[in-house]
1. Name the residues in region 264-287 that are in contact (Cβ under 8 Å) with a residue 60 or more places away in the chain, surrounded by 13 or more Cβ atoms within 10 Å (Cβ to Cβ) and over 21 Å from the mean Cα position of the chain (by Cα), would you?
2. If you scan region 222-255, which residues turn out to be part of a loop (DSSP other than H, G, I, E, B), more than 15 Å from the ligand (Cβ to nearest atom) and among the aliphatic types (A, V, I, L, M)?
3. Going residue by residue through region 21-36, is there one that turns out to be part of a helix (DSSP H, G or I), surrounded by fewer than 18 Cβ atoms within 10 Å (Cβ to Cβ) and basic (Lys, Arg)?
4. For region 1-20, which residues satisfy the criterion of being surrounded by fewer than 20 Cβ atoms within 10 Å (Cβ to Cβ) and either in a helix (DSSP H, G or I) or of a type in the set (Gly, Ala, Ser) (or both)?
5. I need the full set of residues from region 220-261 which are of a type in the set (A, V, I, L, M, F, W, C) and under 21 Å from GLY170 (Cβ atoms), in order please.
6. Which one of the conditions (1) closer than 13 Å to GLN241 by Cα; (2) aliphatic (A, V, I, L, M); (3) out of contact with any strand residue (DSSP E or B) (no Cβ under 6 Å at 6 or more places or on another chain) does LEU191 fail to meet, given that it meets all the rest?
7. Hey, can you tell me all the residues within region 38-88 that are small (Gly, Ala, Ser), closer than 22 Å to ARG121 by Cα and buried (at least 16 other Cβ atoms within 10 Å of the Cβ)?
8. Return the residue satisfying two criteria in turn: it lies in region 224-263 and is at pLDDT 95 or above and among the basic types (Lys, Arg), and of such residues it is nearest to the chain's Cα centre (by Cα).
Amino acid sequence: MKHLLSTADLSREDAIRILDTSEQMAATQDREIRKLPTLRGKTVVNLFFEDSTRTRISFEAAAKRLSADVINFSAKGSSVSKGESLKDTALTLQAMGADAVVIRHWASGAADRLAESSWMRGAVLNAGDGTHQHPTQALLDAYTMRKHLIGAESGPGAGIDGPTGNDLTGLTVGLVGDVLHSRVARSNIFLLHTLGAKVVLVSPPTLVPVGIGAWPVEVVHGLDAALETYDLDAIMMLRVQRERMSGGGNSFFPSPQEYTRLFGLDGDRMRRLPDHAIVMHPGPMNRGLEITAEAADSPRSVIVEQVSNGVAVRMAALYLLLAGEEGGE
Ligand code: NCD
């Protein structure tokens with residue numbers, strides 16, 4: 001593995017290696033001194049062309065805990081706002097000796113473009129490109145599910161044992177809401193499939209991508225129907241991405257109230273999930289639209305834990321791409 005661009009081309013073996021390494025990284029984070037010397041002397045650049053809170057801070061924390069030097073580059077306030085291209089920006093980073101670039105970009109395909117180019121030699125980690133992919137988010141989600149639902153000794157899913165013990169075989173995961181605009185959904189669909197889980201998309205027909213028939217998913221057009229039909233082990237609420245909906249925001253559904261009525265997770269619906277089921281959301285949440293405070297803040301919610309797991313998973317990804325012996329090919 002030279003880059004981490006998409007979960008669609010991530011092998012089961014590589015995915016499990018990242019999850020296992022994340023577990024080891026998480027264990028080091030309970031120690032009094034959390035910093036490891038592993039990436040001393042390496043430079044990681046966070047190149048963010050689009051807003052981010054969690055992902056940017058998480059990658060920064062991950063790189064710093066591995067002792068890398070971190071340069072944060074945000075497009076706002078940089079020469080990008082003067083029209084500088086991705087190519088010229090990459091050439092500048094190369095000249096500064098970046099060993100890895102973590103890129104978030106509004107254009108689908110931007111991370112692949114950077115990785116394929118000869119503009120820079122370092123590893124490219126996709127931190128979200130348009131509506132396409134966000135692989136570390138899917139990996140942290142899988143990590144969170146594995147921790148809670150597979151062979152756990154305690155917790156809501158204690159006792160569910162996947163046949164192999166280290167993937168997600170046997171789980172049924174519901175992804176609910178704005179699948180169309182969600183790189184989180186796309187990344188999760190492919191990774192969950194690779195790891196053996198069944199994926200159920202719960203979405204209005206207007207927010208399901210064209211070509212969905214070719215994906216390894218089942219589709220249901222209402223949350224009540226999904227709760228009736230499936231025993232969901234994890235339910236992942238997706239943010240309604242109003243900034244990606246051109247034409248005023250509500251053109252994909254009649255009204256926010258209608259959306260909430262058919263697709264929102266509230267306390268009543270949450271109580272219809274199996275007892276061990278966990279409630280997830282990648283953040284940022286639209287509280288009151290796709291999820292109520294009761295569901296988001298309930299003991300079944302692992303939303304805050306997803307964020308802390310993200311640091312361990314990104315440490316693992318950086319480690320495997322920049323220092324891991326097996327990561328060199
Ligand atoms: C997601 C993203 O930016 O793709 N957030 C995140 O990385 N935690 C999801 C979203 O914006 O809805």
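1. Residues of region 264-287 in contact (Cβ under 8 Å) with a residue 60 or more places away in the chain: 265, 275-278, 280, 282-284.
If we keep only those that are surrounded by 13 or more Cβ atoms within 10 Å (Cβ to Cβ) too, we end up with 265, 276-278, 280, 282-283.
Across region 264-287, the qualifying residue is only HIS276.
2. Step one: of region 222-255, the residues part of a loop (DSSP other than H, G, I, E, B) are 222, 230-233, 238-241, 245-255.
Among the residues that remain, those that are also more than 15 Å from the ligand (Cβ to nearest atom) are: 222, 230-233, 246-248, 250-251, 253-255.
Passing the criteria: only LEU232.
3. Of the residues in region 21-36, the ones part of a helix (DSSP H, G or I) are 21-28.
Narrowing the set further to residues that are surrounded by fewer than 18 Cβ atoms within 10 Å (Cβ to Cβ) leaves 23-24, 27-28.
Narrowing the set further to residues that are basic (Lys, Arg) leaves none.
No, there is no match, as no residue in region 21-36 is part of a helix (DSSP H, G or I), surrounded by fewer than 18 Cβ atoms within 10 Å (Cβ to Cβ) and basic (Lys, Arg).
4. ALA8, SER11, ARG12, GLU13, ASP14, ILE16, ARG17, ASP20
5. To start, the set of residues in region 220-261 that are of a type in the set (A, V, I, L, M, F, W, C) comprises 220, 223, 225-227, 232, 234-238, 240, 245, 252-253.
VAL220, ALA226, LEU227, LEU232, ALA234, ILE235, MET236 - these are the residues of region 220-261 that are of a type in the set (A, V, I, L, M, F, W, C) and under 21 Å from GLY170 (Cβ atoms).
6. With (1) closer than 13 Å to GLN241 by Cα; (2) aliphatic (A, V, I, L, M); (3) out of contact with any strand residue (DSSP E or B) (no Cβ under 6 Å at 6 or more places or on another chain) applied to LEU191, the lone miss is (1).
7. Those that are small (Gly, Ala, Ser), closer than 22 Å to ARG121 by Cα and buried (at least 16 other Cβ atoms within 10 Å of the Cβ): ALA62, ALA63, ALA68, SER74, ALA75.
8. Per the stated criteria, the residue is ARG239.
The values are calculated or read from the model by the stated rules, or taken from the named source; none is laboratory data. Just so we're clear, the structure is a prediction, and the values are computed from it rather than from any experiment. Every residue, glycine as well, gets a Cβ built from its backbone with ideal geometry; the counts of neighbours run over all protein chains shown.
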